[in-house]
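All of the numbers you see were taken from the coordinates with simple rules; none came from a lab. Remember, it's a predicted structure, so these values are computed and weren't measured experimentally. Every residue, glycine as well, gets a Cβ built from its backbone with ideal geometry; the counts of neighbours run over all protein chains shown.
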Amino acid sequence: MNGVVPIIPIRAVAKKTQGFPPDKLVISLERKLKEFTVLYEISQLIGSSFDCQEFFSNILYTFHARLGMNRGTITLLNPMTGELEIRAAHGMTEEEIGRGKYLVGEGITGKVVETGEPMVVPQIEKELLFLNRTQSRENLTKSDISFICVPIKNGSNVLGALSVDRLFSEEIAFEEDVRLLSIIASMIAQGLKIQQMVQDEKKQLLSENITLKEKLKERYSLYNIVGTSNKMTEVFQMIERIANTDVTVLIRGESGTGKELVANAIHFNSSRALKPFLKLNCAVLPDTLIESELFGHEKGAFTGATEQRMGRFERADGGTLFLDEIGTLNLTAQAKLLRVLQEREFERIGGTRTLRVDVRIIAATSKDLERSIEEGTFREDLYYRLNVFPIFMPPLRERKTDILLLADYFVEKFNQKHKKDVRRISTPAIDMLIQYHWPGNVRELENSIERAVLFCTDRVIHSYHLPPTLQTGERSGTIPSLSFEEAMQSYEKELIIDALKNSRGNMAEAARLLNTTERIVSYSVKKLQINPKSYRP
């Protein structure tokens, strides 16, 4: 036994035992010491583990070793079958334990569970209720065996029973045994309660984890990448082709085209979806830190390395590592990365132990790697290792048919985010979106729509809600500069077209929507060369 056993003050016990014969007084003190020792040991056992099966066996061994109680059993109610089953036993074979099943109310154990009250059988040979179903006492003289059984209760709820064998003797104080076993049964009940709470919490966390993983998988499914253009269709086909493989992927394209979104779709649609998915932008870390971030370091490897640290490769073991802007990686880190790709092994900085990992690499770059190879800033052998399956993300200017789809998607997204109620984008605003060359690609479009949603006050995004870069000819190079009169006519035309759309080409209804007369609307329609019939269903 580990620890210090609490000792009973002799003087305190002596006051209560004055008049006892000396021999009985010694026996009483010895018993109390044993009981306190057993209680202390069992409390330590229950507190040391959440695995009931582990401390059950140790409790029953303690009964045998400290108190001479044999064939101790812990029998619990199986809520699925309604039967009482032996969950742990000392001094019985597996076959004997397997036979120990009872119905509630059947035999001594069943009666104890049914009534919630302890029972003592001084001599099991003389008790008809004692079934001896385990047949573990066949080679023993049953007239010499006493059986003590107490309920394991959590409040008024009986969970099972704790029982032991005693060698029968007229001098045995069964009341003392029942009291001790009842205390220990209560401790077992608390251990079971704690274990159930831990299991419930683990199940809840596991359920929440699975739910989050499913949401991530849904969020990054192919159907959440917006685009119907021919170039995007090709990208979707490539993702579907290689998602469920371990092939290394190199995603290429201008900044803001959605390379990270493609990496997410590849991982969450692969067999590694439930494994770690870590990301590292190689451009945001200095050369002195990038190797530590990728491969980890040992304590004392360099100034400031006060403890051992795992790198991204170790943490992503079994999953996927996304290396964005791989073209900015320094040559030393490139050499180590090449080794990981070839051998699946590496050492931490300052370490000598070789570590092996199973990590899928998805890399992305907006740089011209071929030119970097010519300039000597990127390793040619690493390029060929990464370029196993290249995916080219087209710039937004080459997928004009996707602009309106993306704009509508972002309107809905920012409606929810900012609690707005924007219903549509006006025709002149759509024209501006289509005509603009989008040097910042999808990211710039997303930012432009968010700005427009925030500025919008009448549920319609107008051209004047869009950023100045889309409206100024000098900046965008896509629309001519307008005079004041031309700008006023453009705004007037936008208002009338919107009204005609809402009224389905009905001039009178359009005039009411604009809070003006039908004559004025008719005049403007002719002046601005608008065809109302084109807006009729």
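With neighbours defined as other Cβ atoms within 10 Å of a residue's Cβ, the residues I210, I42 order from fewest to most as I210, I42. Measure out, as a whole number of angstrom, how far apart the alpha-carbon centroids of segment 331-366 and segment 271-323 sit. When both Cα centres are located, 10 Å separates them.
The amide H of N154, built 1.01 Å from its N in the peptide plane, has L159 as neighbours under 5 Å, considering only residues 5 or more places off or on other chains. Each stretch of four or more DSSP H residues adds -39500 (n - 2.57); spread over every residue of the chain, this sum gives -14500 deg cm²/dmol at 222 nm. Potential lengthening of the chain between L205 and E240 amounts to 9.5 nm, from the contour at 0.36 nm per residue minus the alpha-carbon distance.
Between the residues P532, L140, T377, the greatest Cα displacement towards the positive end of the dipole of the chain, with unit charges on the Cβ of Lys, Arg, Asp and Glu, is found for P532. The magnitude of the dipole of segment 482-537, with charges of +1 and -1 set on the Cβ of Lys/Arg and Asp/Glu and taken from the Cα centre, is near 340 debye. In sequence order, segment 333-345 has phi-based couplings of 5, 4, 5, 5, 5, 4, 5, 4, 5, 7, 10, 6, 8 Hz under the Karplus curve 6.51 cos²θ - 1.76 cosθ + 1.60, θ = phi - 60°, and Gly or Pro positions carry x. Backbone geometry of segment 505-520 corresponds, through the Karplus equation with coefficients 6.51, -1.76 and 1.60 at θ = phi - 60°, to 3J(HN,Hα) couplings of x, 7, 5, 5, 5, 5, 5, 5, 5, 8, 6, 9, 9, 5, 5, 5 Hz, x marking Gly and Pro. Sequence-distant contacts, meaning Cα pairs under 8 Å at least 6 residues apart, place the relative contact order of the chain at 9 percent.
Model label points for D317 and A305, set 7 angstrom from Cα along the Cα-to-Cβ axis, are 1.9 nm apart. Going from the residue with the fewest nearby Cβ atoms within 10 Å to the one with the most, H267, H90 rank H90, H267. In a reduced charge model with +1 at each Lys and Arg Cβ and -1 at each Asp and Glu Cβ, the chain shows a dipole moment near 1240 debye about its Cα centre. Cross-link pairs exceeding 18 Å in C-alpha to C-alpha distance, out of K34/K193; K231/K400; K400/K420; K493/K526, comprise K34/K193; K400/K420. Pairing the Cα long axis of helix 441-455 with the longest principal axis of the chain, what angle in degrees results, from 0 to 90 and rounded to the nearest 10? Tilt of helix 441-455: around 90 degrees. Close amide-amide hydrogen proximity is noted between I145 and I124, E125, F168, each under 5 Å apart and 5 or more residues distant or on a separate chain (H modeled in the peptide plane; Pro and chain starts excluded). Note on the chain: percent of Cα-Cα distances in each 10 Å bin, starting at 0 and stopping at the bin with the largest distance, equals 3, 12, 15, 12, 10, 11, 12, 10, 7, 5, 2, 1, 0.
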